[in-house]
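Structure record follows, encoded as structure tokens.
The values are calculated or read from the model by the stated rules, or taken from the named source; none is laboratory data. Model, not experiment: these values are computed from the prediction. Cβ placement follows ideal geometry from the backbone for every residue including glycine, while neighbour counts extend to all protein chains displayed.
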Amino acid sequence: MTATPFFTRTGNTFHPTEVANGPWDPKSLHGRVIVGLLGFGIEQRCCGPEFVPARLTVDMFRLPTIDKPVEITTRLVRDGLRIRVVEAEFVSGGVSMARASCQLLRRTQNPDGSIWSPPNWDAPKPADIPTPTDPRLGMHGKWTTRPIVGHMGSLGPRRLWMSEVRELVDGFALTPFTRVAVAADFASPFANAGDQGLAFINSDVTVYLHRLPVTEWIGFEVVNHHSADGIAIGECWLYDEQGPIGTSTVAALAQRKPMANPSKR
């Protein structure tokens, strides 16, 4: 990858670059890079090939600005033979802005017998879908997409492929886990946008994974949205090119001013 990374690093400090800004305020960080950097910090602390990060939950309770340096602190809560639990905190300009909890489970073998699962989606491969020509898709090159059906805000099924085009942290290749972590926040606009635009801003993200992706493309399929009293939940099933990998679920709050052109985000 040669595109500008979302962060550069000096020691234990991360510095946002100009491409790390979000859609709600050009001076604030995008939720996807907050989730991604917390996942990065957790993986640097204690991930290993024998464990799968089965659940990552990120609470985003303040909106960091793009001009402040960031530190990620981690704490190993439990280091068992089968279960590890790690907490991480996102500190921007000396102020806590977000926190994460990650549960990692040791790989073993599936038990005998058969258990029902939903069928794999019948989506075409990313290579078989024409490259979009509209530069606004993927927020002008923050990532790349291959739309399958529907678009953000359409009243019907919504599916797409997403792939990263830049490193999260300069000098660190994306791992399968950080690839999912940095993409997971997309479940909020994809599931919660309506025909009047995106009027919900998510306050958290929870990713469940039964396996890590083995390809660069992550598939999103909207499977749920409900809202009442200005509070929404949205959910997407996640895929790689070999099949299902997990889910991304978000909680969100209504914003007074909808984001325009949800299909162009």
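Report whether or not Leu212 is under 26 Å from Gly48 (Cα atoms) and either part of a strand (DSSP E or B) or not acidic (Asp, Glu) (or both). For Leu212, the condition - under 26 Å from Gly48 (Cα atoms) and either part of a strand (DSSP E or B) or not acidic (Asp, Glu) (or both) - is met. What are the residues in region 1-39 that are assigned to a loop (DSSP other than H, G, I, E, B) and among the small types (Gly, Ala, Ser), if any? Across region 1-39, the qualifying residues are Ala3, Gly11, Gly22. Among the criteria (1) under 20 Å from Tyr208 (Cβ atoms); (2) in contact with a Ser or Thr (Cβ under 9 Å, 6 or more places away or on another chain); (3) in a loop (DSSP other than H, G, I, E, B), the one Ile42 does not fulfil is (3). Across region 48-63, what is the total count of residues that are surrounded by fewer than 22 Cβ atoms within 10 Å (Cβ to Cβ), closer than 26 Å to Pro213 by Cβ and either in contact with a Phe, Trp or Tyr (Cβ under 7 Å, 6 or more places away or on another chain) or not small (Gly, Ala, Ser) (or both)? The number of residues fulfilling the criteria is 8. If you go through region 64-94 and keep only what is over 21 Å from Asn12 (Cα atoms) and either touching a Phe, Trp or Tyr at 6+ places or on another chain (Cβ under 7 Å) or surrounded by 15 or more Cβ atoms within 10 Å (Cβ to Cβ) (or both), you end up with Arg84, Val85. In the set (1) out of contact with any strand residue (DSSP E or B) (no Cβ under 8 Å at 6 or more places or on another chain); (2) on the phi < 0 side of the Ramachandran plot; (3) not aromatic (Phe, Trp, Tyr), the condition left unmet by Gly94 is number (2). Of all residues in region 131-152, those satisfying the criterion of being among the charged types (D, E, K, R) and either surrounded by 12 or more Cβ atoms within 10 Å (Cβ to Cβ) or within 30 Å of Val70 (Cα to Cα) (or both) are Arg136, Lys142, Arg146. Where helices (runs of 4 or more DSSP H) fall wholly inside region 115-203, the ranges with 3 or more residues that are within 21 Å of Glu241 (Cα to Cα) and of a type outside the set (Phe, Trp, Tyr) are 176-183.
The condition of being touching a strand residue (DSSP E or B) at 6+ places or on another chain (Cβ under 8 Å), modelled with pLDDT of 95 or more, closer than 20 Å to Ile34 by Cα and not aliphatic (A, V, I, L, M) does not hold for Glu167. Looking across region 169-182, just one residue is crowded, with 24+ Cβ neighbours inside 10 Å and touching a Lys or Arg at 6+ places or on another chain (Cβ under 7 Å), and that is Val182. Listed by first and then second residue, the pairs with beta-carbon distance under 6 Å, at least 6 apart or on different chains, first residue in region 138-155 and within 14 Å of Pro189 (Cα to Cα), second of a type in the set (Val, Ile, Thr) and modelled with pLDDT of 90 or more, are Gly138/Thr144; Gly138/Thr145.
Exactly one residue among Asp112, Asp128 is surrounded by fewer than 10 Cβ atoms within 10 Å (Cβ to Cβ), farther than 30 Å from Arg82 by Cα, of a type in the set (Asp, Glu) and free of Cβ contacts under 8 Å to residues at least 24 places away in the same chain, and that residue is Asp128. Being touching a Pro at 6+ places or on another chain (Cβ under 6 Å) and not in a loop (DSSP other than H, G, I, E, B) is the filter here, so list the residues in region 215-249 that pass it. Correct list: Asp240, Ile245.
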